[in-house]
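A.B. asks: This is the structure, below, for whatever I ask next.
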Amino acid sequence: MAFLSDTLARVKPSATIAMTNRARELAAAGRDIISLGAGEPDFDTPAHVREAAKQAIDRGHTRYTAVDGMPELKAAICEKFRRENGLSYRPSQISVGTGGKQVLFNALMATLNPGDEVIIPAPYWVSYPDMVRLAGGTPVVVMAGVETGFRLTAAQLEGAITPRTKWLILNSPSNPTGAAYDRAAMRALTEVLLHHPQVRVMSDDMYEHLVFDDFEFVTPAQVEPALAGRTLTCNGVSKAYAMTGWRIGYAGGPEELIRAMATIQSQSTSNPCSVSQHAALAALTGPQDFLPEWRRVFQRRRDLVVAMLEGAPGIRCPRPEGAFYVYPEISALIGRTTPAGTRIDDDAAFANALLEEAGVAVVFGAAFGLSPHFRISYAAADDVLAEACTRIRRFCATLT
Ligand SMILES: Cc1ncc(COP(=O)(O)O)c(C=O)c1O
């Protein structure tokens, strides 16, 4: 009898881990490595949020809470959805979990049966396909490349839907591309969905607050209220409030689904950390005035990185609407050779050589389902970004 379960054969370990480990090894050996791989803001959690957590500890909020979130936090999330998205949810339609990741996972676990299909536009956040497989479903990956601005079109969506389609996962602004759907692009998709009542929408709005140039963020249930009953609107405090380590994510959706998600959570982790829930409450109800400044800083960094990479031989770098990633395209560099004699056969070879020979760690596109690309996270200081881009330009110029 095999020790490890058959489930494990359906998923692969994160493709980015080997890269991160190698970057760490090189740095430990004294090499000057710039790491642009991490998917988290480089700001600190705001002081009033940290203070709320300290007070929560001192006031004894250190015990189990309701499984899928304490009532005060659910009320604050309802208010957030009303205020920022024009969505009207009751507390019984809210689920709070240990990060957005657990909320998405719970929803898939609670709904997928063998043979159920989940449409995932590529490039995608690395976890979606493996989460679907873990939950017993079948990922249906649809390429949404640079030619459509990394956005799924209505025709592509229509072509991917079958009688077995249970979910469409949408992520705007996107990890890894930063691309976002404006109202018209979102409406084109919701129009298609109106004709297919068996398809539910999982909208991953994690980067909602990080949009630039006055871009208006929209979410499917807001653009098409008729879809609200089959939409799970997912969000969290990790990216907007620089709280990746606190592990609080949440979603609003139909009660039947929210109850099923609570059942899954009750038999796995129970409630998300009580102290973190109080911190999230402070984040959602407290001052939001630091957000415009964070957006300004990220927008400046985006412009810096796009301008510098557009000047690199063989790289095309689209300018994204949001998040803190760019996803440059490198087809002109495939087949070239590095000064150390490595052939760039694909984007993994490019990223490895860039790390080994130029000391810059990025994530290769194959990890996100669309090649040949690489992802840069520009959640780093301007001078670090400028130095990294200078190294990338120099590296590309030396390829023969
Ligand atoms: C698109 C997307 N969704 C969800 C998550 C999960 O966020 P968390 O579990 O920290 O709330 C991430 C984190 O990287 C992400 O990039």
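The values are calculated or read from the model by the stated rules, or taken from the named source; none is laboratory data. Not measured: the values here are computed from a predicted model. Backbone-built Cβ (ideal geometry, glycine too); neighbour counts: all protein chains shown. Heavy atoms of the whole protein, side chains included, go into the accessibility calculation; ligands, DNA and RNA do not. Shrake-Rupley method; radii C 1.70, N 1.55, O 1.52, S 1.80 Å.
A.B. asks: Calculate, for the stretch 326-383, the solvent-accessible area per residue in square angstrom, rolling a 1.4 angstrom probe over the heavy atoms of the protein chains.
C.D. replies: Ligands and nucleic acids excluded, the figure is 30 Å² per residue.
A.B. asks: Related question: Classify the stretch 286-400 as rounded, prolate or oblate from the Cα gyration tensor: take a ≥ b ≥ c as the square roots of its eigenvalues, call it rounded if a/c is under 1.5, otherwise prolate when a/b beats b/c and oblate if not.
C.D. replies: Prolate shape, in that a/c is at least 1.5 and a/b is the bigger ratio.
A.B. asks: If I fit a long axis through the Cα atoms of helix 290-310 and take the longest principal axis of the Cα atoms of the chain, what angle between them do I get, 0 to 90°, rounded to 10?
C.D. replies: 30 degrees
A.B. asks: Counting only C-alpha contacts under 8 Å and six or more residues apart, can you give the relative contact order of the chain as a whole percent?
C.D. replies: Reported as a whole number, the value is 22 percent.
A.B. asks: Ignoring any ligand, DNA or RNA, what whole percent of the accessible area of the stretch 282-327 comes from carbon and sulfur when the probe is 1.4 angstrom?
C.D. replies: Using a 1.4 Å probe with all protein chains present, the stretch 282-327 comes out at 55 percent carbon and sulfur.
A.B. asks: Could you state the angle between the C-alpha long axis of helix 71-85 and the longest principal axis of the C-alpha atoms of the chain, as a value from 0 to 90 degrees rounded to the nearest 10?
C.D. replies: Helix 71-85 sits roughly 60 degrees off the main axis of the chain.
A.B. asks: Among the listed pairs K12/K80; K74/K101; K12/K101, give every one whose C-alpha distance is greater than 28 Å.
C.D. replies: Where the Cα-Cα span goes over 28 Å, the pairs concerned are K12/K80.
A.B. asks: May I pose another question? Can you run phi through the Karplus equation (6.51, -1.76, 1.60; θ = phi - 60°) for the stretch 211-226 and list ³J(HN,Hα) in whole Hz, with x for Gly and Pro?
C.D. replies: Coupling constants for the stretch 211-226: 10, 10, 6, 6, 4, 8, 6, 9, 10, x, 5, 7, 5, 9, x, 5 Hz.
A.B. asks: Here is a further query. In whole Hz, with x marking every Gly and Pro, tabulate ³J(HN,Hα) for the stretch 365-377 from phi via Karplus 6.51 cos²θ - 1.76 cosθ + 1.60, θ = phi - 60°.
C.D. replies: Listing the rounded values in order: x, 4, 4, 9, x, 9, 10, x, 9, 9, 10, 10, 9 Hz.
A.B. asks: Which one, A351, A184, A312, has the greatest fluctuation when you compute a Gaussian network model over the chain with C-alpha springs under 10 angstrom?
C.D. replies: A184
A.B. asks: Now, a different point. If one takes the longest principal axis of the Cα atoms in the chain, at what angle in degrees, from 0 to 90 and to the nearest 10, does the Cα axis of helix 99-111 lie?
C.D. replies: 70 degrees
A.B. asks: Across the stretch 180-197, in residue order, what do the Karplus-derived ³J(HN,Hα) couplings come to in whole Hz, using 6.51 cos²θ - 1.76 cosθ + 1.60 with θ = phi - 60° and x for Gly and Pro?
C.D. replies: My calculation for the stretch 180-197 gives 9, 8, 7, 4, 5, 5, 5, 5, 4, 6, 5, 4, 4, 5, 4, 8, 10, x Hz in order.
A.B. asks: Here's a follow-up. Could you list which residues have their amide H under 5 Å from that of I34, counting only those 5 or more apart in sequence or on another chain, with H placed in the peptide plane?
C.D. replies: When sequence neighbours closer than 5 places are left aside, the close amide H contacts are V360, A361.
A.B. asks: Right, something else. Semi-axes of the chain's equivalent ellipsoid from the Cα gyration tensor, sqrt of 5 times each eigenvalue, largest first, rounded to whole Å?
C.D. replies: In descending order the semi-axes read 34, 25, 21 Å.
A.B. asks: Apply the a/c threshold of 1.5 to the C-alpha gyration tensor of the stretch 31-150 and tell me whether it is rounded, prolate or oblate.
C.D. replies: In terms of gyration-tensor shape, oblate.
A.B. asks: Can you give the helix-only mean residue ellipticity at 222 nm for the chain, where every DSSP H stretch with n ≥ 4 adds -39500 (n - 2.57) and the sum goes over all residues, rounded to the nearest 500 deg cm²/dmol?
C.D. replies: Helix-only estimate at 222 nm: -12500 deg cm²/dmol.
A.B. asks: Please list, ordered by chain and number, the residues whose modelled amide H lies under 5 Å from the amide H of C273; skip anything fewer than 5 residues away on the same chain.
C.D. replies: Distant-sequence amide H within range of C273: zero hits.
A.B. asks: Over the stretch 197-343, what is the relative contact order in whole percent, taking alpha-carbon pairs under 8 Å and six or more residues apart?
C.D. replies: Dividing the mean separation by the residue count of the stretch 197-343 yields 21 percent.
A.B. asks: Sticking with this structure for a sec: Quick check: net charge around P71, other residues with Cβ under 13 Å of its Cβ, Lys/Arg +1 and Asp/Glu -1?
C.D. replies: Overall, the nearby charge balance is -1.
A.B. asks: Right, another one. Under the rule of at least 5 residues apart or a separate chain, name every residue whose amide H is placed under 5 Å from the amide H of G236.
C.D. replies: Y250
A.B. asks: Another question about this same structure. Would you work out what percent of the accessible area of the stretch 187-242, with all protein chains in place, is carbon or sulfur (probe 1.4 Å)?
C.D. replies: Ligands and nucleic acids excluded, carbon and sulfur give 52 percent.
A.B. asks: Quick one: how many Å² of T7 are accessible to a 1.4 Å probe, rounded to 10?
C.D. replies: My reading of the accessible area for T7 is about 50 Å².
A.B. asks: Order these peptides, 42-50, 224-232, by their mean beta-carbon neighbour count within 10 angstrom, highest first.
C.D. replies: Answer by packing, highest mean first, reads 224-232, 42-50.
A.B. asks: In the stretch 124-169, carbon and sulfur make up what percent of the accessible area (probe 1.4 Å)?
C.D. replies: Looking at the stretch 124-169 in its full context, I get 60 percent from C and S.
A.B. asks: Taking a ≥ b ≥ c as the square roots of the Cα gyration tensor eigenvalues, with a/c under 1.5 meaning rounded and otherwise prolate when a/b beats b/c, else oblate, which class fits the stretch 175-276?
C.D. replies: oblate
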